[in-house]
Amino acid sequence: MIEIDHVSKWYGEFQVLDDCTTRVAKGEVVVVCGPSGSGKSTLIKTVNALEPFQKGEIRVNGIPVGAPGTNLPRLRAIAGMVFQHFELFPHLTVMENLCLAQVQALRRKPEEAHTRGRALLERVGLAAHQDKHPGALSGGQQQRVAIARALAMDPVVMLFDEPTSALDPEMVNEVLDVMTDLAQEGMTMMVVTHEMGFARRVADRVLFMDGGRIVEDCLKESFFGDLSARTERTRQFLSKIL
Ligand code: ADP
Ligand code: MG
């Protein structure tokens, strides 16, 4: 579903991604972890063309990313993204947040968008809040709206960039639960997170990034199971967060 091939990216002289290669198969959940500044956000944002890259190739469901003529609205619909800071439109209601891109990018009729929005709000447990503005909701509720908004576009993959790291601790689980359900329903997911409990329960594979490179890419069982086979850097990192 996601093919990342020898991707490198520079900000001026500074190389932020260094020859990154990985695959995410249909239905697979891949957790990306690593120290701050290691390039996790940059990597995940290249997948739906929020960040350009200078070398390598990325395809999402066969669609080349970054090639001239790529249909960006289409790409961003099929690769739904959820950010650390929700990024909902503050001046729109919850339902309007869910409908806007469905109508503008997918050309759905407003009633159709509303029906889909309603079903998704029920799924994330927020049907009662559809007419509120995001500012009236808790952080955990806002993040569930953001997930519903991405799902409204019928994505084939979901990208998450530290979706719980801006939340108060008591709200982390309500968001992880929605993500866990999504994974169990077979969604293909790439998730930047330091929630290692989530990784242990839900991930199929774990990537570890350091200095712009993917230094580990292995099955969850070996990532957590055999620390002696991990790099020194990975062990240091895990010893701080486990
Ligand atoms: P992570 O998500 O792993 O914390 P990022 O992908 O956000 O890392 O950033 C990787 C590196 O790229 C960091 O050193 C960061 O300072 C640098 N960086 C990110 N965005 C820019 C930018 N727009 N211009 C220059 N450097 C940047
Ligand atoms: Mg980041």
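Assorted remarks:
- Using distinct alpha-carbon pairs, which all enter the 1/r mean, Kirkwood radius of region 1-111 in Å: 15.6 Å
- Each Lys and Arg adds +1 at its Cβ and each Asp and Glu adds -1 at its Cβ; summed about the Cα centre, the chain shows a dipole of about 400 debye.
- Taking other Cβ atoms within 10 Å as a rough exposure proxy, L121, L137 sort from fewest to most as L137, L121.
- Most simply put, the chain has about 55% antiparallel DSSP beta bridges, counting only bridges with both residues inside it.
- Neighbourhood charge, 10 Å Cβ-Cβ cut-off, centred on E162 and excluding it, Lys, Arg +1 and Asp, Glu -1: -1
- Mean-position separation - Cα centroids, region 123-146 and region 227-242, in angstrom: 37 Å
- Listing E216, E87, E13 from fewest to most neighbouring C-beta atoms within 10 Å gives E13, E87, E216.
- Mean residue ellipticity (222 nm) of the chain, computed from DSSP H runs ≥ 4 via -39,500 (n - 2.57), nearest 500: -11000 deg cm²/dmol
- Ranking Q102, V157, T231 by how far each Cα lies toward the positive end of the dipole of region 92-242 (charges on Cβ) leaves Q102 at the top.
- Note: relative contact order over the chain, using C-alpha pairs below 8 Å and six or more positions apart, is 28 percent.
- Note that region 201-208 has calculated 3J(HN,Hα) couplings of 7, 10, 5, 8, 10, 10, 9, 10 Hz, one per residue in order, obtained from phi through the Karplus relation 6.51 cos²θ - 1.76 cosθ + 1.60 (θ = phi - 60°); glycine and proline are x.
- Ranked by how many other Cβ atoms sit within 10 Å of their own Cβ, fewest first, the residues L50, L242 fall in the order L242, L50.
No value in this document is a laboratory result; all are computed from the given coordinates. Quantities reported herein were computed from a predicted structural model and do not represent experimental measurements. FYI the Cβ positions are ideal-geometry reconstructions off the backbone, even for glycines, and counts take in every protein chain you see.
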